[in-house]
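I'd like to ask you about the structure that follows.
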Amino acid sequence: MENIAENSKTQMRRGVLEYGILLILGQGDEYASSIIQKLKDVNIIVVEGTLYPLLIRLKNLGLLSYRWEESPQGPPRKYYMITESGREQLMELDRTWEELVSSIKTIKDIHVNNIQDL
């Protein structure tokens, strides 16, 4: 049963990963390792092998762009930034997220009320 719950949690996190990345980049430009750390800080564990294809996909969709910047601690870093289209997508995802949270809360409230009526 524990494996089923873990699998469900993993699937939910994957489903909101794009949204999380856009939220992070909506606050400012970041490089991949920094994005991974910010996600880990909130218990969304992601590895480079998952992040990089998603960043490339978001870039190809015109939601992100990037620039190279010299690093004082090694090779140049690729900094990702949200585009205007990315900001529009982020606003749409914000609306969708709020609707989804509200719908799930309603379902939970109905379930709790039904249990109390028993």
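The values are calculated or read from the model by the stated rules, or taken from the named source; none is laboratory data. Only a predicted model underlies this, so the values are computations on that prediction, with no experimental measurement involved. Just so you know, the surface numbers come from the protein's heavy atoms only, side chains and all, with ligands and any DNA or RNA stripped out. Shrake-Rupley method; radii C 1.70, N 1.55, O 1.52, S 1.80 Å.
Return the calculated 222 nm mean residue ellipticity for the chain, to the nearest 500 deg cm²/dmol, obtained by summing -39500 (n - 2.57) across DSSP H runs with n ≥ 4 and dividing by the residue count.
Theoretical 222 nm ellipticity from helices: -24000 deg cm²/dmol.
At 1.4 Å probe size, with every protein chain present, just tell me what the per residue accessible area of the chain comes to in Å².
72
Using only the C-alpha atoms of the chain, find the volume of their convex hull and express it per residue in Å³.
132
Can you give me the % of accessible surface on the chain that is carbon or sulfur? Probe 1.4 Å, all protein chains present, nothing else counted.
54
Restricting to Cα pairs below 8 Å that are 6+ residues apart, what does the relative contact order work out to for the chain? Please round to a whole percent. Can you show the working numbers first?
Numbers: 86 pairs, mean separation 27.9, N = 118.
Taking the mean separation of contacting Cα pairs over the length of the chain, I get 24 percent.
Could you give P(r) for region 3-71, binned at 5 Å from zero, as whole percent values over all Cα-Cα pairs?
3, 15, 28, 25, 16, 7, 4, 1, 1
Pairs of lysines 8 or more apart, or on different chains, with alpha carbons under 27 Å: count those in the chain, would you?
Here the count comes out as 12.
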